[in-house]
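Structure first, then comments.
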Amino acid sequence: MSMQTNWCDKVILVTGGASGMGRDVVLSLAREGARVVIGNRNAEAGQALLEQVLGEGGQALFRATDVSRAGDCAALVDLAMQRYGRLDGAFNNAGLQRDFNPIHATPDEDLSEVIDINLKGILYMMKYEAAAMLQSGGGAIVNNASIFGLKAMPDTAYYVASKHGIVGATRAVALDYARQGIRVNAICPGPIKTPSYDRVTGGDDHMYDAGVPMHRIGQAQEVTRAVLWLLSEQASYVTGTTLSVDGGMSAQ
């Protein structure tokens with residue numbers, strides 16, 4: 001799957017690493033020889049993934065991490081630096097969506113939680129990752145936005161706002177470090193088969209077919225290929241951009 005010839009001993013951090021797209025990226029990188037630092041809010045799931053990686057002969061660390069808390073984000077990056085001495089890349093994947101509601105009917109707690117995790121969590125992670133990468137001599141950051149970071153959908157204003165914010169923050173931070181060896185990009189997946197997708201759709205794999213030109217949902221490994229490319233030296237001249245992995249939705 002990897003387009004980079006040597007992931008061996010590269011230190012890559014992944015948030016939301018124990019489920020869905022994050023989990024697939026963790027396993028793919030570990031199998032390629034990278035040292036993966038996993039952050040996940042659900043400690044039981046994170047520990048289980050760590051044990052799987054180690055059981056397969058990979059190298060990994062895990063820390064229970066709530067990205068809405070700046071201290072947790074700093075501690076996760078510190079773990080990478082203390083144990084491995086550097087940070088080469090990061091996939092900021094942690095995020096969530098709550099119920100579909102027009103804005104007047106959106107519970108305050110849903111709005112706050114989604115903004116705190118999806119947007120503030122990305123900002124916190126980039127803050128501490130960039131500081132570590134400046135010490136490491138550079139690196140690459142990939143933020144998980146969404147097709148809804150590029151377009152809108154009814155009854156999800158709080159979610160759309162968080163994802164548009166990720167795209168804007170990605171572009172701004174890319175400019176901050178363009179001359180310092182740190183590349184920052186975002187992926188914008190369409191509907192992808194993950195546990196989160198199943199929670200939102202009730203497990204209906206065809207709920208979005210009519211809105212996707214390829215008339216199907218994507219698979220986690222299709223996102224992983226894009227993430228690994230953006231993290232790799234194959235994308236050495238790519239920064240401040242968004243890469244849609246959406247079956248053609250953004251072309252409509």
Task: Lys, Arg +1 and Asp, Glu -1 on Cβ, resulting dipole of the range 11-251 about Cα centre, debye, nearest 20 - done: 720 debye
TODO: Take the cross-link list Lys10/Lys127; Lys10/Lys151; Lys127/Lys151 and give me the ones stretching past 24 Å between alpha-carbons.
DONE: Lys10/Lys151; Lys127/Lys151
TODO: Sort Cys188, Cys73, Cys8 so that the residue with the fewest other Cβ atoms within 10 Å of its own Cβ comes first and the one with the most comes last.
DONE: Cys8, Cys188, Cys73
TODO: For the range 121-239, give the magnitude of the charge dipole about the Cα centre (Cβ charges: +1 Lys/Arg, -1 Asp/Glu; no others), in debye to the nearest 20.
DONE: 320 debye
TODO: At q = 0.20 Å⁻¹, work out log10 I(q)/I(0) for the range 108-232 with the Debye formula, treating every Cα as an identical point scatterer and leaving solvent out; two decimals please.
DONE: -1.20
Task: 222 nm mean residue ellipticity, helices alone, for the chain (DSSP H n ≥ 4; -39,500 (n - 2.57); rounded to 500) - done: -13000 deg cm²/dmol
Open item on the list: With N set to the number of residues, divide the alpha-carbon radius of gyration of the chain by 2.2 N^0.38 Å and report two decimals.
Closed with: 0.94
TODO: Run through every distinct alpha carbon pair of the range 171-252 and return the Kirkwood hydrodynamic radius in angstroms, one decimal place.
DONE: 14.1 Å
TODO: Based on other C-beta atoms within 10 Å, arrange Thr15, Thr194, Thr65, Thr241 from fewest to most.
DONE: Thr241, Thr194, Thr65, Thr15
TODO: Using the number of other C-beta atoms within 10 angstrom as an exposure proxy, rank His215, His164 with the fewest first.
DONE: His215, His164
TODO: Given the peptides 172-185, 16-29, 83-96, 104-117, arrange them by the average over their residues of other C-beta atoms within 10 Å, most packed first.
DONE: 16-29, 83-96, 172-185, 104-117
- [ ] Any chance you could tell me what percent of the C-alpha pair distances in the range 1-100 go past 15 Å?
- [x] 57 percent
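FYI, it's all coordinate maths here, none of it is from the lab. Fair warning: this is a prediction, and the values are worked out from it, not measured in the lab. Backbone-built Cβ (ideal geometry, glycine too); neighbour counts: all protein chains shown.
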